[in-house]
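Asker: Can you read through this structure? Questions will come right after.
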Amino acid sequence: MYFFETPKAQILPLMQRLHRQVKNADFVYEGQHISVTLSMGITVLNKGDLSFEDVYERADANLYLSKRSGRDCITVDGQQLALA
């Protein structure tokens, strides 16, 4: 888990780029080409958050939404992010 002190509008393009780079990378393991996908769950700090666990649980829930949605996607506060 990573924390950024950057507005969501600036982080989301970076996360989309990271997702695209992982998806398009050529990974080789023991001579075999393998495809790797990336699922992410993203949230922002809300005024109502009382502890680190509040933020962590929300990010974790978003990650599992990505996984249940077929993986290889980014979920931001309950909404899947469009990927190019």
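The values are calculated or read from the model by the stated rules, or taken from the named source; none is laboratory data. Since we're looking at a predicted model, the values are computed, not measured. Cβ: placed from backbone, ideal geometry, glycine included. Neighbour counts: every protein chain shown. Areas reflect the complete protein model, heavy atoms only, side chains present, ligands, DNA and RNA absent. Shrake-Rupley method; radii C 1.70, N 1.55, O 1.52, S 1.80 Å.
Asker: Going through LEU63, LEU83 one at a time, which residue ends up being under 19 Å from ARG17 (Cβ atoms), open to solvent by 60 Å² or more (accessible area, probe 1.4 Å), of a type in the set (A, V, I, L, M, F, W, C) and touching a strand residue (DSSP E or B) at 6+ places or on another chain (Cβ under 8 Å)?
Answerer: Selected residue: LEU83, the only one of LEU63, LEU83 that is under 19 Å from ARG17 (Cβ atoms), open to solvent by 60 Å² or more (accessible area, probe 1.4 Å), of a type in the set (A, V, I, L, M, F, W, C) and touching a strand residue (DSSP E or B) at 6+ places or on another chain (Cβ under 8 Å).
Asker: Restricting attention to the stretch 31-42, which residues are out of contact with any strand residue (DSSP E or B) (no Cβ under 7 Å at 6 or more places or on another chain) and either under 17 Å from GLU5 (Cα atoms) or in a loop (DSSP other than H, G, I, E, B) (or both)?
Answerer: The answer is GLY31, SER35, THR37, LEU38, SER39.
Asker: OK, next. Which count do you get for residues in the stretch 38-60 that are under 11 Å from the mean Cα position of the chain (by Cα) and open to solvent by 50 Å² or more (accessible area, probe 1.4 Å)?
Answerer: Selection size over the stretch 38-60: 1.
Asker: State all residues of the stretch 36-84 that are closer than 18 Å to LEU12 by Cα and of a type in the set (Gly, Ala, Ser); if no residue qualifies, say none.
Answerer: Selection gives SER39, GLY41, ALA59, ALA61, SER66, GLY78, ALA82, ALA84.
Asker: Name every residue in the stretch 43-67 that is polar (S, T, N, Q) and assigned to a loop (DSSP other than H, G, I, E, B), in order of residue number.
Answerer: Of everything in the stretch 43-67, those that are polar (S, T, N, Q) and assigned to a loop (DSSP other than H, G, I, E, B) turn out to be THR43, ASN46, SER51.
Asker: Follow-up. Name the single residue that is surrounded by the fewest Cβ atoms within 10 Å (Cβ to Cβ) among those in the stretch 66-80 being over 18 Å from PHE3 (Cβ atoms) and of a type in the set (Ser, Thr, Tyr).
Answerer: Checked the stretch 66-80; the qualifying residue surrounded by the fewest Cβ atoms within 10 Å (Cβ to Cβ) is SER69.
Asker: Here's a follow-up. I'd like the full set of residues that are in contact with a helix residue (DSSP H, G or I) (Cβ under 8 Å, 6 or more places away or on another chain) and part of a strand (DSSP E or B), limited to the stretch 68-84.
Answerer: Within the stretch 68-84, ILE74, THR75, VAL76, GLN80 qualify.
Asker: Search the stretch 1-36 for residues being small (Gly, Ala, Ser) and open to solvent by less than 100 Å² (accessible area, probe 1.4 Å), and hand back the single one that is modelled with the lowest pLDDT.
Answerer: ALA9
Asker: Somewhere in the stretch 21-33, is a residue closer than 17 Å to ALA82 by Cα, under 14 Å from the mean Cα position of the chain (by Cα) and in contact (Cβ under 8 Å) with a residue 12 or more places away in the chain?
Answerer: Checked against the condition, which is being closer than 17 Å to ALA82 by Cα, under 14 Å from the mean Cα position of the chain (by Cα) and in contact (Cβ under 8 Å) with a residue 12 or more places away in the chain, the stretch 21-33 yields at least one hit.
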